[in-house]
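S.K.: Once you've had a glance at the structure underneath, I'll fire off some questions.
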Amino acid sequence: MFQRDYFMRMISQMTEALGQVLGLRKQMKQEEALLVLDDLLDKHFRLSSKLIRSLSDEDLIKVMTTNGVIDTDHLQAIAILMKQEGVLHGELGRETECYGMYVRSLRLFLRLSLMGAEPTIVEPREQIKELLDLLSVYELPDSAKRLLMEWHEAEGRYDQTENVMYELLEASAISPEEASETYRRLLEQSDEALAAGGLPREEIRQGMADLQSALKA
C-alpha cells in the first residue's frame, strides 16, 4: 500500500511539474524548465540527476532492480523526463544535447517495451513512435539500432527488422552470421505472420541466399 501511495504521489507531482514545464516553455523560459526537471529527478529516484544522466540504460536498469524485480514505473518516469529534457534542449538550439536525450529516452522505452512493461504512466510503444519521428533527421547509433531491430522483430514488423538489419550489416555492426540467424528465426514464423509483417517467406529465403553468396565472395 505504501509503495502504491508513493507511486501515485510521484505521478501527481510529475504531472504538475510537466504542466509547469509546458507553461515555462510557452514563456520561453526553457532554462527554468530544465531546473524543474532537475529537481524532479533529484527528488524521486534515489539518485542525483547528474548520476542518472551519466549511467547507461543497462546500468540504470540494474540500479532500478531490487531482488530481481525491475522498477519499470520509475524507468518510465525517467524516460519521460529525458524526452522532455531533449525537447527543451532542442528549443534552446542545443542539438547535441537534444539528440543525446532523445536517444537515451528511446533506448529506455525500447527496453521497457521488450520487457513487456505495463504502461502505468505512458504507453512505451507510442513514445517509441514519437521519438523515432523526432529522431528521423538523425542517424541513430548502432547500439540503438540493435535494440530497434529486436523491437521490430518482437512487434512483428519483419520488413522493418530486415531494413535495420541491413543498415547494421553495412556498418559492420553485426556479422553476416548474426543476420542469417535473424532470418532463421523469422522462418519459424507462420506464412500469415510473415505476410502481415511485410516480409514473405520467399523474400527471407532470397535474403539468406544473398548473404551466403556475399560470404563466399
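S.K.: Can you give me the relative contact order of the chain as a percent, contacts being Cα pairs under 8 Å and 6 or more apart? Intermediate values should be presented prior to the final figure.
M.R.: Working: 182 pairs, mean separation 24.7, N = 217.
After rounding, I find 11 percent.
S.K.: Moving to a separate point now. With charges set only on the Cβ (+1 for Lys and Arg, -1 for Asp and Glu), what does the dipole of the chain come to about its Cα centre, in debye to the nearest 20? Can you show the working numbers first?
M.R.: Values: 25 positive and 39 negative charges, 129 e Å.
Magnitude of the dipole: close to 620 debye.
S.K.: Hey, which aspartates and glutamates would be in cross-link range of LYS62, C-alpha to C-alpha under 17 Å, not counting anything within fewer than 8 residues on its own chain?
M.R.: Filter leaves ASP71, ASP73.
S.K.: Hey, of (i) 69; (ii) 44; (iii) 54, which did the structure itself give for percent of Cα pairs over 26 Å apart when calculated?
M.R.: (ii)
S.K.: Just to verify a number: FRET efficiency for ASP59 and GLU188, C-beta to C-beta distance, R0 = 30 Å, to 0.05? Each step should come with its number before you reach the end.
M.R.: Working: r = 33 Å, r/R0 = 1.10.
Result of the calculation: an efficiency of 0.35.
S.K.: Continuing with this model, one more query. Would you mind getting the accessible area per residue of the chain, heavy atoms of the protein chains only, 1.4 Å probe, in Å²?
M.R.: Details: 11570 Å² over 217 residues.
Roughly 53 Å² per residue, with all protein chains present.
S.K.: Still on this structure, please answer the following. Could you please state how large a percent of the accessible area of the range 1-99 is carbon and sulfur, counting protein chains only and using a 1.4 Å probe? Don't skip to the end; give the middle numbers.
M.R.: On the way: 3050 of 5550 Å².
On the range 1-99, the fraction of accessible area on carbon and sulfur atoms equals 55 percent.
S.K.: Counting only GluC sites (Glu not before Pro) that sit in a DSSP loop (anything but H, G, I, E, B) with at most 13 other Cβ atoms within 10 Å, what is the longest stretch of the chain containing none of them?
M.R.: 1-138
S.K.: Continuing with this model, one more query. Would you mind classifying the range 20-80 by shape? Square roots of the alpha carbon gyration tensor eigenvalues, ordered a ≥ b ≥ c; an a/c under 1.5 is rounded, otherwise it is prolate if a/b is larger than b/c and oblate if not.
M.R.: Numbers: a/c = 2.97, a/b = 2.43, b/c = 1.23.
Since a/c reaches 1.5 and a/b is larger than b/c, the shape of the range 20-80 is classed as prolate.
S.K.: Here's a follow-up. Ignoring ligands, DNA and RNA, please state the percent of accessible area on the range 112-195 from carbon and sulfur, probe 1.4 Å. Don't skip to the end; give the middle numbers.
M.R.: Working: 1950 of 4380 Å².
Taking all protein chains in place, the range 112-195 shows 44 percent carbon and sulfur surface.
S.K.: How many angstrom lie between the C-alpha centres of the range 89-113 and the range 38-55?
M.R.: Centre-to-centre (Cα) distance: 16 Å.
S.K.: Which of MET14, MET82, MET101 moves most in a GNM of the chain, Cα contacts under 10 Å?
M.R.: Looking only at MET14, MET82, MET101, the biggest GNM fluctuation is shown by MET14.
S.K.: Once phi is turned into ³J(HN,Hα) by the Karplus curve 6.51 cos²θ - 1.76 cosθ + 1.60 with θ = phi - 60°, what whole-Hz value does each residue of the range 91-104 show in order, with x for glycine and proline?
M.R.: 3J(HN,Hα) across the range 91-104, in whole Hz: 5, 8, x, 8, 5, 4, 5, 4, 4, x, 5, 4, 5, 5.
S.K.: Additional query: Could you report the accessible area of LYS62 in Å², rounded to 10, computed with a 1.4 Å probe on the protein chains as they sit in the structure?
M.R.: 140
S.K.: Right, something else. Along the positive direction of the dipole of the chain (beta-carbon charges: Lys, Arg +1; Asp, Glu -1; about the Cα centre), which of GLN206, SER180, LEU24 reaches farthest?
M.R.: LEU24
S.K.: I would also like to ask the following. Give me the percent relative contact order of the range 56-158, please, defined on Cα pairs under 8 angstrom at least 6 residues apart.
M.R.: Working: 87 pairs, mean separation 24.9, N = 103.
Result for the range 56-158 is 24 percent.
S.K.: Please give the FRET efficiency for GLU181 paired with GLU155, using the beta carbon to beta carbon distance and R0 = 22 Å, rounded to the nearest 0.05.
M.R.: On the way: r = 19 Å, r/R0 = 0.85.
With a Förster radius of 22 Å, E is 0.70.
S.K.: Roughly how far apart, in whole Å, are the Cα centres of the range 119-136 and the range 168-217?
M.R.: 27
The values are calculated or read from the model by the stated rules, or taken from the named source; none is laboratory data. Given the structure is predicted, the values throughout are model-derived calculations rather than measurements. FYI the Cβ positions are ideal-geometry reconstructions off the backbone, even for glycines, and counts take in every protein chain you see. Ligands, DNA and RNA are excluded from the accessible area calculation, which covers all protein heavy atoms including side chains. Shrake-Rupley method; radii C 1.70, N 1.55, O 1.52, S 1.80 Å.
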